[in-house]
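S.K.: A single structure is presented below for examination.
The values are calculated or read from the model by the stated rules, or taken from the named source; none is laboratory data. Treat the numbers as computed from the prediction; the structure is a model and nothing was measured. Cβ placement follows ideal geometry from the backbone for every residue including glycine, while neighbour counts extend to all protein chains displayed. Accessible surface areas use protein heavy atoms only, side chains included; no ligands, DNA or RNA. Shrake-Rupley method; radii C 1.70, N 1.55, O 1.52, S 1.80 Å.
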Amino acid sequence: MPSLRDAARGRILFGGDYNPEQWPEEVWAEDARLMREAGVNSVTLGVFSWARIEPHPGAREFGWLDRLMDLMHAHGIGVVLATPTSSPPPWMGARYPETLPRAEDGSVIWYGSRQHFCASSPVYRRHAAALTEDLAARYAAHPALTMWHINNEYCTHCWCDATAEHFRRWLTWRYTTTAALNEAWGTAFWSQRYDSWAEILPPRTTQYRHNPAHLLDFKRFTSDALMECYLAERDIVARHTPHTPVTTNFMPLWAGQDAWAWAAEEDVVSVDVYPDPQDSLGGQYNAMLADMTRSQAGGPWMVMEQAAGAVNWRGVNHPKPAGLNRLWSLQSVARGADAVCYFQWRQSRQGAEKFHSAMLGHSGEQGRTFGEIKRIGAELALLGPEVSGVAEAGDVAILHDWDAWWASTQEDRPSSLLSYTEVVQSWHRGLWEGGFATEFARPEADLSAFRMVAVPHLYLLTDAAIDNLVTYVRGGGTLVCGFFTGIADEDDRIRPGGMDARLRELLGIRTVHEWWPLDAGAVVECEGFEGGLWSEELEPDGSAETVAAYRGGELDGLPAVLRKGSAWYVSTLPAPEALRALLGRAAGEAGARPVMAGLPAGVEAVRRGDVLFLLHHGRGRVTVELPGPHIDLLTGAKADGSVELDRYGAAVLRSTTAP
Ligand code: GLA
């Protein structure tokens, strides 16, 4: 199977989306010159080129792209060639309105922006396949081609009639009979029984609340329907170039695609990462996305896009202060990225993204951002031979699952304040601040390699997943399980007793009497800490120890945190320091160790193979004591005893002590 290694060839890929169709050809030569100057070795071409290649139905204008492919090759720059199928030209929507998506209320999502296609439209699929076929045939043998990039950030949802038909086919595959579907969806409720497949619709605008199982299946279906589009194009390009890796770029922590399932169909797993430079936890968020993507990839992965400075789509768009772009780029490499790429190479002068930063901004080659880009390019060139191809696996796993996410964030839950992603991020933060190397895993995965498994919040768990957790703990593993977990089965049917009986037995809980969600900003006092967001009225079965009890209020004296041997249950969201302490304690008892002890606040240590990355997320100057003599791979300087890190500073070190 082709891999990122084939495209990277011992380097770290560095570059970005290149949209030269927005510029006169005279600019292209300057682009190539400046790319060389910046150390760019990879560009992604063609993402939004459909209208340029096919200006009228059936036309094929490849001449401009031929010249660009040649130009890139002449400058030693590889091309990640995109199928331009995410943004169909206006002629498609005008001639074939059935290719346009429809919203829940039946209104049309018009062209004039991007990603205006219905994944279930046979007409869209036919045109996309024809274009992909011709693109692949034309460039299969081009020496600049290093990788295929299918579409871009698959994310459309559609409720049209073609989608309805497609959804019915998907449901027939899943349930075989309407009786099974009625049972799974609980349609006895509110007289929702379906008498035939033809009656079933996507969950369109309704008078009152939807059927949650219907919504859940529609989310599963939409992820699968988009994946069919991806697979169709992937199979076309793979037929032409069986040895060229294929990717499609994920949005970070995006609910629309089950990334575990998609990643299994990709040669290279890539993601677009846009932490907010203003966010004091931006570094942790970046680390979490890296851990998640590396886990999906099972090895090195690709930052397909990040911003060199500000984006255009937040309310207030802050640039990156000096050093932050470099810090987060090195952080991604530390956590297994073999490619650090940007949206985009040259900042647009027109269009919706003209205020979105780029590697080469409006201020041009004299700009601060371009200066930093050159530094990053030069440093990644040094690091490529040292780290590419290697990706360290952590010994603590965080379980993460799209079905559980989808089911947990629907209407009609005990609390609309409960955000799946915020809970996952809080738990990752606790482990990150504790210095532990973490992986993400799906609930049914083999967990035996991990010293500790953390389950921040998995409302829905299959029987197989529950058995997996029980087996893991019986085999000596340490499980730390967060609140409102194991409540529903895969049809979003509440399990008898309100929480799965096997889990209750594992955790020492006789009964969960009530859930007591908290109002925004409210806290519940617990022994030694405050909890937020959630609390539970638990009755232990006598086999578990109360680690911390609730104090005051309705739950006074009842357990907030329980443990039964190596299985822990945390029924609230402890404040950050408390969660860090709790996870650190459980991980320590499980034999997991932080990457490095005694680090100054704000400094992250990551090992990739035998290379140690020290990353300073704070603003003051700090001194980090080193375990023995090292060499700094970026400067060649010796680092004996300690290194100094300035604001957003980073050191990449190798020990010089003989093993
Ligand atoms: C996404 C898209 C890019 C661009 C950036 C802007 O990642 O893939 O085309 O729109 O967002 O941040």
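S.K.: Could you grab the pairs with beta carbons closer than 7 Å, sequence gap of 6+ or different chains, first residue in region 36-47 and touching a residue at least 12 places away in the same chain (Cβ under 8 Å), second one more than 14 Å from the ligand (Cβ to nearest atom) and among the charged types (D, E, K, R)?
M.R.: Pairs that qualify, where the first residue is touching a residue at least 12 places away in the same chain (Cβ under 8 Å) and the partner is more than 14 Å from the ligand (Cβ to nearest atom) and among the charged types (D, E, K, R), are 37/374; 38/374; 39/374; 41/11.
S.K.: Which is closer than 20 Å to residue 286 by Cα and without any contact (Cβ under 8 Å) to a residue 60 or more places away in the chain, of 653, 612?
M.R.: 612
S.K.: Suppose we keep only residues that are of a type outside the set (Lys, Arg) and open to solvent by 20 Å² or more (accessible area, probe 1.4 Å) within region 130-144. Which one would you say is farthest from residue 241 (Cα to Cα)?
M.R.: Filtering first and then ranking leaves 130.
S.K.: What number of residues within region 335-350 satisfy the criterion of being open to solvent by 10 Å² or more (accessible area, probe 1.4 Å) and away from the ligand (no atom under 13 Å from the Cβ)?
M.R.: 4
S.K.: Considering only residues that are in a loop (DSSP other than H, G, I, E, B) and more than 13 Å from the ligand (Cβ to nearest atom), which ones fall in region 254-276?
M.R.: 255, 256, 257, 258, 264, 265, 266, 267, 268, 269
S.K.: Given the criteria under 20 Å from residue 267 (Cβ atoms) and outside any helix (DSSP H, G or I), does residue 156 qualify?
M.R.: no
S.K.: Can you name the strands (runs of 3 or more DSSP E) wholly within region 458-537 that have at least 1 residues being of a type in the set (Asp, Glu)?
M.R.: Hits in region 458-537: 509-515, 523-526, 529-532.
S.K.: Could I ask something else about it? Any chance you could count how many residues in region 254-274 are within 30 Å of residue 321 (Cβ to Cβ) and open to solvent by 10 Å² or more (accessible area, probe 1.4 Å)?
M.R.: The number of residues fulfilling the criteria is 2.
S.K.: Of the conditions (1) in contact with a Gly (Cβ under 8 Å, 6 or more places away or on another chain); (2) closer than 29 Å to residue 341 by Cβ; (3) modelled with pLDDT of 95 or more; (4) open to solvent by 20 Å² or more (accessible area, probe 1.4 Å), residue 390 fails just one. Which one is it?
M.R.: Going through (1) in contact with a Gly (Cβ under 8 Å, 6 or more places away or on another chain); (2) closer than 29 Å to residue 341 by Cβ; (3) modelled with pLDDT of 95 or more; (4) open to solvent by 20 Å² or more (accessible area, probe 1.4 Å) one by one, residue 390 breaks only (3).
S.K.: Which one of the conditions (1) closer than 30 Å to residue 68 by Cβ; (2) open to solvent by 20 Å² or more (accessible area, probe 1.4 Å) does residue 151 fail to meet, given that it meets all the rest?
M.R.: (2)
S.K.: State whether the residues of region 497-505 include one that is hydrophobic (A, V, I, L, M, F, W, C), surrounded by fewer than 17 Cβ atoms within 10 Å (Cβ to Cβ) and either in contact (Cβ under 8 Å) with a residue 24 or more places away in the chain or at positive phi (or both).
M.R.: No.
S.K.: Would you please name the residue that is surrounded by the most Cβ atoms within 10 Å (Cβ to Cβ), looking only at residues in region 358-387 that are of a type in the set (Gly, Ala, Ser) and touching a residue at least 24 places away in the same chain (Cβ under 8 Å)?
M.R.: Ranking the qualifying residues of region 358-387, first place goes to 358.
S.K.: Would you confirm, using the coordinates I've provided, whether residue 411 is in the same structural domain as residue 547 (by TED's automatic domain parsing), open to solvent by 20 Å² or more (accessible area, probe 1.4 Å) and not in a loop (DSSP other than H, G, I, E, B)?
M.R.: No: the conditions fail for residue 411.
S.K.: Across region 278-322, what is the total count of residues that are under 22 Å from residue 382 (Cβ atoms) and open to solvent by 20 Å² or more (accessible area, probe 1.4 Å)?
M.R.: 2
S.K.: Can you list residue pairs whose Cβ atoms sit under 6 Å apart, with the first residue in region 1-14 being under 24 Å from residue 265 (Cβ atoms) and the second being aliphatic (A, V, I, L, M)? Count only pairs 6 or more apart in sequence or on different chains.
M.R.: So the pair list comes out as 4/268; 7/147; 13/339.
S.K.: Test residue 388 against the criterion of being small (Gly, Ala, Ser), within 19 Å of the chain's Cα centre (by Cα) and away from the ligand (no atom under 16 Å from the Cβ), and give yes or no.
M.R.: no
S.K.: Another question about this same structure. Which one of these is within 16 Å of the ligand (Cβ to nearest atom) and open to solvent by less than 40 Å² (accessible area, probe 1.4 Å): 241, 247, 187, 222?
M.R.: 247
S.K.: Looking at region 327-365, which of the residues that are among the basic types (Lys, Arg) and touching a strand residue (DSSP E or B) at 6+ places or on another chain (Cβ under 7 Å) is nearest to residue 276 (Cα to Cα)?
M.R.: Across region 327-365, the extreme among qualifying residues is 335.
S.K.: So is residue 577 within 33 Å of the chain's Cα centre (by Cα), surrounded by fewer than 16 Cβ atoms within 10 Å (Cβ to Cβ) and not assigned by TED's automatic domain parsing to the domain that holds residue 430 or not?
M.R.: Judged against the criteria, residue 577 is not a match.
S.K.: So which residues in region 507-528 are more than 31 Å from the chain's Cα centre (by Cα) and surrounded by 15 or more Cβ atoms within 10 Å (Cβ to Cβ), if there are any at all?
M.R.: 508, 509, 510, 512, 524, 525, 526, 528 - these are the residues of region 507-528 that are more than 31 Å from the chain's Cα centre (by Cα) and surrounded by 15 or more Cβ atoms within 10 Å (Cβ to Cβ).
S.K.: Any residue in region 536-564 that is in contact (Cβ under 8 Å) with a residue 40 or more places away in the chain sitting within a Cβ distance under 6 Å of a residue that is in a strand (DSSP E or B) and of a type in the set (Phe, Trp, Tyr)? List the pairs, counting only those 6 or more apart or interchain.
M.R.: As it stands, the answer is 536/515; 562/569, since those pairs meet every condition given.
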